[in-house]
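A short write-up of the structure that comes next.
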Amino acid sequence: MKLYRIVTENKNYNDILVYLMEHKLDATIIQANGLWQGKAEKSIVIEIFINSPVAIYRAIEHLVFWLKKHNKQDKIMLQILDADVKLI
């Protein structure tokens, strides 16, 4: 399984929720505080687990580019991690 972790500035939070729901991306959203280029900012971490790495990567990549454009950001961190996940 893959874990896709997106770290971005906390802007347009409701638009992000709508995007995730419309694209049927099951996600956990964590509100956080971060630093970017020496400045403090409100951040969010979006974590998405999926079992189909090829098909979902396009959706994740599309989400990241949408976030960059919608929130007018230069960079967004995308981590792709191998993960063992159990739903109990």
Notebook entry, point to check: Can you find even one residue in region 26-38 that is touching a Ser or Thr at 6+ places or on another chain (Cβ under 6 Å) and either surrounded by 12 or more Cβ atoms within 10 Å (Cβ to Cβ) or modelled with pLDDT of 95 or more (or both)?
Noted result: yes
Next item on the list: Please work out which residue is surrounded by the most Cβ atoms within 10 Å (Cβ to Cβ), limiting yourself to region 72-88 and to residues that are in a loop (DSSP other than H, G, I, E, B), over 13 Å from the mean Cα position of the chain (by Cα) and not hydrophobic (A, V, I, L, M, F, W, C).
Entry: GLN73
Note to self: Being loosely packed, with under 13 Cβ neighbours inside 10 Å, of a type outside the set (A, V, I, L, M, F, W, C) and part of a strand (DSSP E or B): is that true of ASN14 here?
What the structure shows: no
Notebook entry, point to check: Is it the case that ILE56 is among the β-branched types (Val, Ile, Thr) and at pLDDT 90 or above?
Noted result: no
Check: Only one residue in GLU41, GLU61, GLU47 is within 16 Å of HIS23 (Cα to Cα), in contact with a Leu (Cβ under 9 Å, 6 or more places away or on another chain) and surrounded by fewer than 16 Cβ atoms within 10 Å (Cβ to Cβ), so which one is that?
Finding: GLU61
Note to self: I'd like to know if region 29-41 contains one or more residues that are touching a Gly at 6+ places or on another chain (Cβ under 6 Å), farther than 26 Å from ASP84 by Cβ and not aromatic (Phe, Trp, Tyr).
What the structure shows: yes
Margin query: Among the residues in region 48-55, are any of a type in the set (Phe, Trp, Tyr), assigned to a strand (DSSP E or B) and within 25 Å of VAL85 (Cα to Cα)?
Written below: yes
Check: Does any residue of region 30-47 turn out to be assigned to a helix (DSSP H, G or I) and acidic (Asp, Glu)?
Finding: no
Note to self: For a quick check of your reading of the model, give me the residue pairs whose first member lies in region 67-78 and is at negative phi and without any contact (Cβ under 8 Å) to a residue 24 or more places away in the chain, whose second is surrounded by 13 or more Cβ atoms within 10 Å (Cβ to Cβ) and not basic (Lys, Arg), with beta-carbon atoms closer than 8 Å and at least 6 apart or on different chains.
What the structure shows: LYS68/ILE76
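The values are calculated or read from the model by the stated rules, or taken from the named source; none is laboratory data. Because the structure is predicted, anything quoted here is derived from the model rather than measured. Neighbour counts are summed over all protein chains in view; Cβ atoms, including those assigned to glycine, are modelled from backbone coordinates with ideal geometry.
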